[in-house]
1. Show me 73-79, 124-130 ranked by packing, highest mean number of other Cβ atoms within 10 Å first.
2. Using the Cα centre of region 77-151 as origin and beta-carbon charges of +1 (Lys, Arg) and -1 (Asp, Glu), tell me which of Ala92, Ile109, Val131 is placed farthest towards the positive end of the dipole.
Amino acid sequence: MNPQPRSVCGAWRSFGGSLMVAALLSMSGCARHKATYLSDLTPDALLHFESGDTRVSAEQENVVQEVVTRLQMQPATKALIVGHADSTGSTALNDEIAKERAQRVAALITDRDPKLASRVLVASYGENNPVANNGTSYGRAQNRRVNVHYYRPDQLADESQALQTSFGGRLRFHGRVDFQAANRESPAK
């Protein structure tokens, strides 16, 4: 569901899809208004995983590099890395797998450019935010993912409140990058 267009500093903008209120404020050149939430986001970058696995595949390394490049080119932008899991296995294990997936992607980003560490925030949903039916193998494959969302904290009235409100309060924040995550084995499922 895309919200209706809203007036941002006198200019009408639609903020469905992958655009955030913060990005719209930035695009319109309006710094006097502060957003209090992010829009309903489609991820700006998406990585999928095998069941029970937290390793980024060689085919998806280019997605990680695209995130690094975008953050390097846009120094005011931060990335929220959000891990997800399917519902196979226990809730506790799925929470750990989702967290580890997000940590691993964040660690790969900062391995490529350590200066980005302060601009990468890690969070996870576990199995609580499926995008597809966990009753099918296709659906479970879609739910084993990491989403990368870009945002501009200077355009948010309260960064942590905006992030928590935008993601329904179920998002678990894990702070900054765990630099050891890129080298850990996947939890057994």
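Taken together, the values in this text are just the output of simple stated rules run on the coordinates, not laboratory data. No experiment lies behind these values; they were computed from the predicted model shown. Note: ideal-geometry Cβ built from the backbone for every residue, glycine included; neighbour counts use all protein chains shown.
1. 124-130, 73-79
2. The residue sitting most towards the positive pole is Ile109.
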